[in-house]
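Worksheet for the structure shown next.
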Amino acid sequence: MTLMIPAAVDVADLKETTLLNMGIFGLFVAVTMIIVIKASRNNKTAADYYAAGRSFTGPQNGTAIAGDYLSAASFLGITGAIAINGYDGFMYSIGFLVAWLVALLLVAELLRNTGKFTMADVLSFRLKQRPVRIAAAISTLAVCFFYLLAQMAGAGSLISLLLGISDWGGQALVIIVVGALMIMYVLIGGMKGTTWVQIIKAMLLIAGAAVMTFWVLAIYGFNLSDLLGGAVETSGNPNVLNPGLQYGKTETSKLDFMSLGLALVLGTAALPHVLMRFYTVPTAKEARKSVVWSIWLIGLFYLFTLVLGYGAAALVGADTIKAAPGGVNSAAPLLAFHLGGPLLLGFISAVAFATILAVVAGLTITAAASFAHDIYASVIAKGKADADTEVKVARRTVVVIGLLAIAGGIFANGQNVAFLVALAFAVAASANLPTIVYSLFWRKFTTQGAIWSMYGGLGSAIILIALSPVVSGAKTSMIPGANFAIFPLSNPGIVSIPLAFFLGWLGSVLDKKLEDTTKQAEMEVRSLTGVGAEKAVDH
Amino acid sequence: MGNDAPTPDAAASVDFKQVQSTKQFQELRKRHRSFVFPMAVAFLLWYFAYVLLADYAVGFMSTKVWGNINIGLILGLLQFVSTFAITGWYVSYSNRRLDPIAAEIRHEIEGHEFDKEGNKISGVTK
C-alpha cells in the first residue's frame, strides 16, 4: 500500500463524506441492535437486567469496562489536547490510567464480594440502610447526570464536524436520535445488551486507533523522536514537547492542575457506572481479571493517543484543527482524513458516535438501577417490592433519564463540556471514594461518618464549581456576564476530596451510636473470602 | 443487602465474628493489607511526584535525553510501565498468597464449620 497523503486537509471536503459517515454508523447500529435483541432473550430476573446474569467472563467484562471508560472525551478530547497543548494533554492519559490501580487494589474484588447490583449495596451493608442508601443513590445519580450531560453535549458539537450539520435545530435532532437509540438499547437489552454494545465499540475503537497509530509511525519511519520533531516543526513551538503549555501559565493554573490530577486518580474507582460493571462477572477473581484486562487495553489505547495527538500536531497542524468546526475535538477525525481519506474518516466518525452511544447507555442503566433498586425498592417500597416490579420501575426510569439527557444535551449543547466530565470525576472522588474506602477498611466507621462524608463531599464539590471561573467571571464561563467566582480553581478536588475524608473521620469519632459489630465482621469476612457472594444466574 | 431479605445461601447462619477471629482469617487480612496498602501509597506518591515535577520543574522535565525525547516523556512512559508492573505483581501475589487461603476459609464456612454459638461442627463438608 502506498501512503497517499493529501497536501492539506480542506475542511470543506469533510461535508462530502457525511453520507458515508451516516452509512457506517447505521451499519453499527443495525449490527449491535440485532445482537442486543438476541442477548435479551434470556433477560428474566433482576440479576439478568441489572447485572447481565453475572455471566460475563473477566476478559469480556474488561473489554466492556474499556468501552465504558474510553468515552468521546478520552478519544477525541485527549488526542485534541495533545495536538494543541502538547505534553499537558498527555498528562490526562496518565491520570486516567494510574487511577485504575486504586480500583484494582482497593475496590474491585471487595466490592464484587459484598454487593448485589449497585454501589449503595456496599456502602449501606453494615451501616443504617435508609440514610446511607439514599445518600449513595443521590451521589450516583449526580455523577451519572453530569457525565451523561457531558456526553450528550459532546454529541452535539461532534455532529457539526462529522455530519456537517451546523445549525442548532439539526444538532438538536441528532441529540434526539442518539437519545432515542440509547433508550432502545437499554430497554431491550438491559445490562447484557449494553455490555455487548460496549465490547463491540471498544474493539472497533482500539482497532481504529491502532491502525492510525501504525500509519503515523510508518510515516516517520517508526522513530518517535522524528515524530516529535515533526510536531515541533509544524507548530513552530518547541514547548509542545515540554510540560506547562496549558497549565504552567500562573501559580493558580499550576494548583488547578494538581487539583485535576487528584480528582482523576481518585475519581475512577468511585464512578458508579464503572463499579456496576464488576457485578456482571461470576466471581471476585473474574472481577480482578476484568480490571487487569481493562488496564492493559486502556493503557495501550492511551499510548496510541500520544502518537495520534503528536501525529495530528505534525501532519494536520494546530491552526487547522482549531479552525475546523468542532475545534480541539476534531484533531482525531482530521488526522484520519489526512491519512486515509473519506473512508477512514467515515470509520473513525462512526466509532466516535458509537462511543457516545455506548457510554450513554452504560450511564443510563446505572442511574436507572440505582433509582429502582436503592430509592424505589429499598426506601419507597421499604423492601417489599418484588423483583419484577423493581425491574419495571427501572425500565420506566430509563425512559425518564433518556428524556432528561436529551433535554439536558440540547440545553448544554455548545457549553464548555470538558468541565462536566472533570466535575463528574471530582464529585465521584469526593462523595463516594472516602465512604467506599472507610467502609471496606475502617472498623470504626459509622453511619454519621458516611452521611457527613457523602453529603459534605457532594455539596462542597458542587458549590466550589458554582463559585469557580467555569461558571462565572471569565470569557469562557457558562455565564460570562456575571462574576461571583470567589473560588479561583476550576477543579474543586484539592479542597473537596480531603474535606470529605476528614468529615468521614470526624463524623465517625463524634458518633455516639455504635454500629453493629456483627455486620462489620460479616462484611469483612465476605469481602475478603467471597463467602455468600451473589452467584451467576444459571440459564 | 444488609437488612434486605437474606440471601438464601449457606452463609446466612454463619457466625461471622467467630470466623473473623480465627487465625486463618487474620492471616488472610494481614496478607491482603500488607500488600495493597503500601502499594497504594507507593504508586500515589510516585504519581504525585511526577505531577509536581511536571508542574514545578519544567526545566528539568524538558531536558532532552535522546533526539527529541525528554525526561518528561520518559517519566510519563515510566508511569505506564509501573502501572502495568504493579498490576502483574498484584495478580501473581493474589494467586499465590491470597486466593488459596480465601478459598479454604470459604469452603469451611460454606460447609457450616461454625454454628451461631461458634462451636465447630465436624463432618459437614461440601
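The values are calculated or read from the model by the stated rules, or taken from the named source; none is laboratory data. Treat the numbers as computed from the prediction; the structure is a model and nothing was measured. A quick note on method: Cβ atoms are made from the backbone with ideal geometry, for glycine too, and the neighbour counts reach across all protein chains shown. Note: accessible area is taken over every heavy atom of the protein model, side chains too, but ligands, DNA and RNA are not part of it. Shrake-Rupley method; radii C 1.70, N 1.55, O 1.52, S 1.80 Å.
Using +1 at the C-beta of Lys and Arg and -1 at the C-beta of Asp and Glu, which of B:57, B:42, A:53 has the Cα lying farthest in the positive direction of the dipole of the protein assembly as shown? The Cα lying farthest towards the positive end belongs to A:53.
Run the quick spin-label model on residue A:486 and residue A:466: label points 7 Å from Cα toward the beta carbon, then report their separation in nm to one decimal. In this crude spin-label approximation the distance works out to 1.3 nm. In a simple Cβ point-charge model (Lys, Arg +1; Asp, Glu -1; nothing else charged), the protein assembly as shown has a dipole of about 1320 debye relative to its Cα centre. Here the label points at residue A:476 and residue B:49, each 7 Å from Cα along the C-beta direction, are separated by 3.1 nm in the simple model.
Using a 1.4 Å probe over protein heavy atoms, the accessible area lost on pairing A with B, summed over both chains, comes to approximately 5700 Å².
So, R0 is 22 Å and r is the distance between the beta-carbons of residue A:180 and residue A:389; what FRET efficiency does that work out to, to 0.05? It comes to 0.30. The Cα trace of region A:215-294 gives Rg and Dmax of 19.9, 54 Å, the first to one decimal, the second as a whole number. Ranked by the mean number of other Cβ atoms within 10 Å of their residues, highest first, the peptides A:482-493, A:306-317 come out as A:306-317, A:482-493.
For the protein assembly as shown, the solvent-accessible area of protein heavy atoms averages 36 Å² per residue (probe radius 1.4 Å; ligands and nucleic acids excluded). Summing charges over all other residues whose Cβ lies under 13 Å from the Cβ of residue B:23, with Lys and Arg as +1 and Asp and Glu as -1, gives 0.
Placing unit charges on the Cβ atoms of the charged side chains and taking the dipole of chain A about its Cα centre, the candidate lying farthest along the positive direction among A:227, A:327, A:294 is A:294. Using only alpha carbons, region A:93-149 has a radius of gyration to Kirkwood radius ratio (Rg to Rh) of 1.04. When the Cα positions of A:518, A:486, A:257 are compared along the charge dipole of chain A, A:518 comes out farthest toward the positive end, with charges on each C-beta of Lys, Arg, Asp and Glu. Axis angle, to the nearest 10 degrees, between helix A:418-427 and the longest C-alpha principal axis of chain A: 20 degrees.
Share of pairwise Cα-Cα distances greater than 23 Å in region B:15-110 is 48 percent (whole percent). The phi torsions of region A:90-100, fed into the Karplus equation with coefficients 6.51, -1.76 and 1.60 and a -60° offset, translate into couplings of 4, 5, 4, 4, 5, x, 4, 7, 4, 3, 5 Hz, rounded to whole numbers, with Gly and Pro shown as x. Projected label points at residue A:517 and residue A:223, each 7 Å from Cα along the beta carbon direction, are separated by 7.0 nanometres. Net charge dipole, region B:15-110: roughly 200 debye, given to the nearest 20, about the Cα centre with Cβ charges of +1 for Lys and Arg and -1 for Asp and Glu. Where does chain A land at 222 nm, in deg cm²/dmol rounded to the nearest 500, when only DSSP H runs of n ≥ 4 count, each adding -39500 (n - 2.57), divided by all residues? After summing the helix terms and dividing by residue count, I get -23000 deg cm²/dmol.
Can you tell me the 0 to 90 degree angle between the C-alpha axis of helix A:129-162 and the longest principal axis of chain A, rounded to 10? Approximately 10 degrees, to the nearest ten.
Rounded to 0.05, the FRET efficiency of the residue A:443 and residue B:34 pair, given R0 = 22 Å and the Cβ-Cβ distance, is 0.85. Computed extension gain for residue A:188 through residue A:27, at 0.36 nm per residue and net of the alpha carbon distance, reaches 56.1 nm. Taken over the Cα atoms of region A:266-417, the convex hull encloses 169 Å³ per residue.
Note on residue A:251: accessible area approximately 120 square angstrom, rounded to 10, probe 1.4 Å, nucleic acids and ligands left out. The contact residues of region A:505-526, meaning those that lose at least 50 Å² of 1.4 Å-probe accessible area when all protein chains sit together rather than their chain alone, are A:524, A:525, A:526.
Compute the orientation-averaged projected area for region A:26-74 from the convex hull of its Cα atoms and round it to one decimal in nm². Kindly include the intermediate steps, with their values, before the conclusion.
Numbers: hull surface 17.5 nm².
Averaging across all directions leaves 4.4 nm² for the Cα convex hull.
Under a point-charge model restricted to the Cβ atoms of Lys and Arg (+1) and Asp and Glu (-1), what is the dipole moment magnitude of region A:103-237 relative to its Cα centre, in debye to the nearest 20? Each step should come with its number before you reach the end.
Numbers: 8 positive and 5 negative charges, 200 e Å.
Here the size comes out at about 960 debye.
According to the Cα-based calculation, Rg over Rh for the protein assembly as shown is 0.97, with Rh computed by the Kirkwood formula.
May I ask for log10 I(q)/I(0) of region A:385-470 at q = 0.19, 0.25 Å⁻¹, from a Debye sum over the Cα atoms as equal point scatterers with solvent left out? Those come out to -1.00, -1.05, one per q. The angle separating the long axis of helix A:18-39 from the principal Cα axis of greatest extent in chain A is about 30 degrees.
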